[in-house]
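**Q** I am attaching a structure below and will ask some questions about it afterwards.
The values are calculated or read from the model by the stated rules, or taken from the named source; none is laboratory data. Just so it is clear, the model here is predicted, and its values are computed rather than measured. Don't worry about glycine lacking a Cβ; one is built from the backbone with ideal geometry, like all the others, and counts go over all protein chains shown. To get the accessible areas, we keep the full protein, side chains included, count just its heavy atoms, and leave off ligands, DNA and RNA. Shrake-Rupley method; radii C 1.70, N 1.55, O 1.52, S 1.80 Å.
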Amino acid sequence: MKTDVVIIGGGIVGCATAYYLAKRGVHVIVVEKNAGVGLEASGCNGGGVRQNGRKAMLPIAIESVRIWEELAKELESDLEYVQTGNINIAIDKETENALENEVTWEKDHGLNDVRMLSAKECHVIVPGLTNLAVAGKICSTDGVANPMLVSPAFAKAGRRLGVKFKLNSKVTSLLIQGLKVCGVQTDSEEIESDIVVNAAGPWAAQFSEQVGCTMPIFPGRSQLMITERLSHNSINLWVSVRGYGYMRPTSSKNLVLGTGGVQNDIFSRHIDWQIVKIQSEYWSSFFPWLNDVAIIRMCAAITEYTPDGYPYIGAVSGINGFYVAAAFHGEGFCTGPMVGKTIANLVLGEKPEVAIDPFHPNRFDQLIKEKKPIPEVVYPFDKMFKIPLDKTV
């Protein structure tokens, strides 16, 4: 089988990349190991479409939000996207100072819809909040969407343009001739192509390693709690208590509660009840009325982390025809559309609309060549709560 481009991975980035390439007349095959697209972290996350709180990824997030504003219409699918706004709440002076510094930096870098809030304003915007809040920060153009709908919507729109999906198909290796990647070997067939895009998330490093590009990627696990439907939902925007996690409403009047990932060396999707207990206790201390709200289901997904906190985006050096978009630290949902568009630009030989230099796939090559230590990954949950967890189950 032959095609122009093979994409490894059917998450939001892989499906978005396929769609934007197909819009330009490129023949694309997406190879996905699961029975459907978006079944890993792309479909199991908080659904935040967030700009504030980002650093080098901010320009990509800003451009992504512009795409999100018209995306449902473009894909002809309901994504349950709403610009709810996003509030970060500080419960100590140190965090308040950090938020103030962020506001200044973000405004200097093009995010104009962000401002600080007093403790009184926080209580008005988020009813039922305890008096632990000392200040807040809000971005009015941030929002939410339903992650279970978005990758399938990109895939459906891509299929209309001719994208083919090989589901239940696992890529086992790259096809390489000299200094050129020329396709992939799956567990059932060879697929020849001019270009291969590695969008394999936590599993991306193994494919880049085959062309001599070492991309340190460390698996994590993030889990969500979903509440019963509330008769009166006073939470109508994304709420983060900085350093502890986030909560956001759904279109069905449930609440989704989440926190950062933990170390996950065995690529597990199990629910850790110790984390559930910790999350529940902290959220109830911030919002006492949650004590009377039932949790009806939970889910967990494998996320991925890098030593410097940045993803890998771009062409791999020293080899032709191989691109990477992976390792988004559980924060790739918002930026997925713009990352897909950016990879499509690169494949077509065009200059990206946003800067991607900080995310180069080969950026650790020199450290590895000189046998210098790679910076240690700090998992968000460990950083937040600083407690030992059982990381072997």
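**Q** Could you tell me the accessible area of C139 in Å² (1.4 Å probe, neighbours in place), rounded to the nearest ten?
**A** About 0 Å², ignoring ligands and nucleic acids.
**Q** Which residue fluctuates most in the GNM of the chain (Cα springs below 10 Å): G47, G110, G260?
**A** Among G47, G110, G260, the largest mean-square fluctuation in the Gaussian network model of the chain belongs to G110.
**Q** A further question on this structure: Compute the Rg/Rh shape ratio of segment 236-349: radius of gyration over Kirkwood radius, all on alpha-carbon atoms. Numbers along the way, then the final one.
**A** Values: Rg = 18.2 Å, Rh = 17.0 Å.
We get a ratio of 1.07 for segment 236-349.
**Q** Something else about it: In deg cm²/dmol, rounded to 500, what helix-only [θ] at 222 nm does the chain give when every DSSP H run of at least 4 residues adds -39500 (n - 2.57) and the total is split over its residues?
**A** -9000 deg cm²/dmol
**Q** Okay, next question. Note down the accessible area of S231, probe 1.4 Å, to the nearest 10 Å².
**A** Here the accessible area works out near 120 Å².
**Q** Ranked by accessible surface with a 1.4 Å probe, highest first, in what order do T303, T172 come?
**A** Greatest to least solvent exposure: T172, T303.
**Q** Restricting attention to segment 74-109, which GluC sites (Glu not before Pro) occupy a DSSP loop and are surrounded by at most 12 other Cβ atoms within 10 Å? The partial results should precede the final answer.
**A** Details: sites: E74, E76, E80, E94, E96, E100, E102, E106; in loops: E76, E80.
In loop regions of segment 74-109 (DSSP not H, G, I, E or B), the sparsely surrounded GluC sites (Glu not before Pro) are E76.
**Q** Another question about this same structure. Considering only the other residues whose Cβ falls under 12 Å of the Cβ of E350, what net charge follows from Lys and Arg at +1 and Asp and Glu at -1?
**A** In short, +2.
**Q** Once Rh for segment 1-69 is found with the Kirkwood sum over Cα pairs, what is the Stokes-Einstein diffusion coefficient at 37 °C and 0.692 mPa s, in µm²/s?
**A** Rounded to a whole number, D works out at 239 µm²/s.
**Q** Can you tell me the equivalent ellipsoid semi-axes for segment 78-183? Use √(5λ) from the Cα gyration tensor, largest first, whole Å.
**A** They are 43, 20, 14 Å, listed from largest to smallest.
**Q** Report the local net charge at T227: Lys and Arg +1, Asp and Glu -1, summed over other residues whose C-beta lies under 12 Å from its C-beta.
**A** Counting the neighbours of T227, the net charge comes to +2.
**Q** Next question. Between K369 and D292, what is the FRET efficiency for a Förster distance of 56 Å, r being their Cβ-Cβ separation, to the nearest 0.05?
**A** Computed FRET efficiency for K369 and D292 comes out at 0.45.
**Q** Here's another thing I want to ask about it. Using 0.36 nm per residue, how much length does the chain from K351 to D187 gain when fully extended, once their Cα-Cα distance is taken away?
**A** Working: separation 164, 0.36 × 164 = 59.04 nm, distance 3.48 nm.
Full extension from K351 to D187 adds 55.6 nm.
**Q** Would you list T335, T130 from the most to the least accessible area, probe 1.4 Å?
**A** On the way: T335 0, T130 25 Å².
Heavy-atom accessible area, descending, gives T130, T335.
**Q** Next question, about the same structure. Whole number please: convex hull volume per residue, Cα atoms of segment 14-119, in Å³.
**A** Cα-based convex hull of segment 14-119, divided per residue, equals 151 Å³.
**Q** Please compute the Cα-Cα pair-distance distribution of segment 199-293 with 5 Å bins starting at 0, giving whole percents from short to long.
**A** Computed distribution, short to long bins: 3, 11, 19, 18, 14, 12, 9, 7, 4, 2, 1, 0.
**Q** Let me ask you something else. Taking 35 Å as R0, compute the FRET efficiency from the Cβ-Cβ separation of T130 and N101 and round it to 0.05.
**A** The pair T130/N101 has a calculated efficiency of 0.90.
**Q** Give, in nm to one decimal, the length gained when the segment between S268 and S317 is fully stretched (0.36 nm per residue of separation minus the Cα-Cα distance).
**A** Answer, rounded to one decimal: 14.4 nm.
**Q** Leaving out ligands, DNA and RNA, and with a 1.4 Å probe, what % of the accessible surface on the chain is carbon or sulfur?
**A** Summing carbon and sulfur atoms, their accessible area is 52 percent of the total for the chain.
**Q** Suppose the chain between S285 and E376 were pulled fully straight at 0.36 nm per residue; how much longer would it get relative to their current alpha carbon spacing?
**A** Result: 29.6 nm gained on full extension.
**Q** Just to verify a number: what accessible area does S77 come out at with the full protein assembly present, 1.4 Å probe, Å² rounded to tens?
**A** 30 Å²
**Q** Then there is this: Expressed as a fraction of 2.2 N^0.38 Å, the rule-of-thumb size for a compact globular protein of N residues, what is the C-alpha radius of gyration of segment 183-235?
**A** Normalised Rg, Cα atoms only: 1.98.
**Q** While we're on this one: Give the lysines reachable from K55 as a straight Cα distance under 22 Å; neighbours fewer than 8 places away on the same chain don't count.
**A** Partners found: K93, K107, K137, K341, K351, K383.
**Q** Can I ask one more? With everything on Cα atoms, drop me the angle between helix 147-160 and the longest principal axis of the chain, reported from 0 to 90° to the nearest 10.
**A** So the inclination is approximately 30 degrees.
**Q** Further question: How charged is the neighbourhood of E121? Take every other residue with its Cβ under 12 Å from the Cβ of E121, and add Lys/Arg as +1 and Asp/Glu as -1.
**A** Values: positive: R115, K120, K137; negative: none.
Neighbour charge sum, excluding E121 itself: +3.
**Q** Also: Given a 1.4 angstrom probe, what's the average accessible area per residue across the chain, in square angstrom?
**A** 42 Å²
**Q** Could I ask something else about it? Could you state the angle between the C-alpha long axis of helix 12-23 and the longest principal axis of the C-alpha atoms of the chain, as a value from 0 to 90 degrees rounded to the nearest 10?
**A** Here the helix axis deviates by roughly 50 degrees.
**Q** Right, here's the next one. Normalised radius of gyration for the chain, please: alpha carbon Rg relative to 2.2 N^0.38 Å, two decimal places.
**A** 0.98
**Q** Going by accessible area, probe 1.4 Å, with all protein chains left in place, what is the ranking of F165, F267, largest first?
**A** The most accessible residue leads, giving F267, F165.
**Q** Could you tell me how many degrees, from 0 to 90 and to the nearest 10, lie between the Cα long axis of helix 332-347 and the main elongation axis, the longest principal axis, of the Cα atoms of the chain?
**A** It works out to around 20 degrees.
**Q** Loop-only check: which GluC sites (Glu not before Pro) in segment 169-214 are DSSP coil with at most 13 other Cβ within 10 angstrom?
**A** Loop-located and lightly packed - E189.
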